[in-house]
Amino acid sequence: MRTELLFRVLIGACAVLLVVLVAAIGVELARESVLSIRAFGLRFWVTTTWDPVAGEFGALPFIWGTLYSSVLALLISTPIALGIAIFISELSPERLRAPLVFLTELLAAIPSIVYGLWAIFVLVPIVRQLEASTPEVLRALPLFSGPPLGVGMVSAALVLAVMIIPFTSAVAREVLKTVPVAQREAAYALGATRFEAIRSALFFARTGIVGAIMLGFGRALGETMAVTMVVGNNPQISASLFAPQYTMAAVIANEFTEATDELYLHALVEIGLVLFIITLIVNAGSRLLIWAMSRSAAPAVAPTSPAAATV
């Protein structure tokens, strides 16, 4: 009995420690950015000027660049990651499954600086050629305007997509492995094709797959070095895929060592606080989405016992 009580206390302490750690990070970020908060208030979120010499700071270009690059990376990576997960778990021959799993996990283990170097020497020249060969009709559109530099939003989105594909596909693959074999056998017994059986398995595992996608999105939001090396680092808001832009993590990494002025330093820390808040909002939203999907997937059967009614 004492052992069980001790075990519960230790496990509870670990859970409380996690909450305290997250709260402590938020409190410390707020404490170290107090000068910026007092000077700019909520204007810091919506102002586009970033001028350390004049002492004017606004985080909107960095918020835009972070969300824009992350959403683009999510749109690019999600179909590919799900395709990899489906092929490995449903269609791959047994002799290929282990090597493919190993390669997927190897991509997840590569440091971000290596991805950045690969992007500079391989991806950016390819993107530059594609931008230069874009027809003038498309270049007249705001989405494709700007000089063909190679470094910009499209390069950042592509390298982010490559980086989050292993995370999303690995989690989605494990989720698909949890789908009961009876689910697929029942689909085949009803005359379903292989495509329809896979679609049934995807529907059964949809909450876990959404969680895998949101995990990749969170990974994209906080990426620093690889994006810093290819995004262009220009604090301007633009819808163009070719335009150099900036992200929150990149501006902190680039300018933190140059922040000799106290207000400048506090403004950079407040950008970290903004990124922390956005990450919390994204994760909370994903949990609410998964909770809503789980509730909609629950069978609408009346409880037959007090215990079932309680659940």
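At the listed q of 0.12 Å⁻¹, the Debye profile of the range 1-136, built from one uniform point per Cα, gives log10 I(q)/I(0) equal to -0.99. In terms of the mean number of neighbouring beta-carbon atoms within 10 Å, the peptides 220-227, 97-104 order highest first as 220-227, 97-104.
Round to the nearest 0.05 the FRET efficiency obtained for PHE195 and ALA239 when R0 = 51 Å and r is the Cβ-Cβ distance. Could the numbers behind the result be given before it?
Working: r = 37 Å, r/R0 = 0.72.
The value I calculate is 0.85.
Relative to the longest principal axis of the C-alpha atoms of the chain, give the angle of the C-alpha long axis of helix 194-204, reported between 0 and 90° and rounded to the nearest 10°. The helix 194-204 is inclined about 80 degrees to the chain.
Using the Cα atoms as the points, what is the convex hull volume per residue of the range 9-295 in Å³?
Values: hull volume 54.0 nm³, N = 287.
Normalising the Cα hull of the range 9-295 by residue number yields 188 Å³.
At full extension, SER133 and ILE11 could sit 38.0 nm farther apart than now, given 0.36 nm per residue minus the alpha carbon distance. Modelled this way, with points 7 Å down the Cα-to-C-beta line, the labels at GLU90 and GLU185 are 1.9 nm from one another. A cut-off of 5 Å between modelled amide H atoms, ignoring neighbours fewer than 5 places along the same chain, links GLU56 with ASP51.
Computed from the coordinates by the stated procedures, all read-outs in this text should not be read as laboratory data. Since the structure is predicted, the reported quantities are computational estimates derived from the model, not experimental observations. All Cβ positions, even for glycine, are placed from backbone atoms using ideal geometry, and neighbour counts span all protein chains on display.
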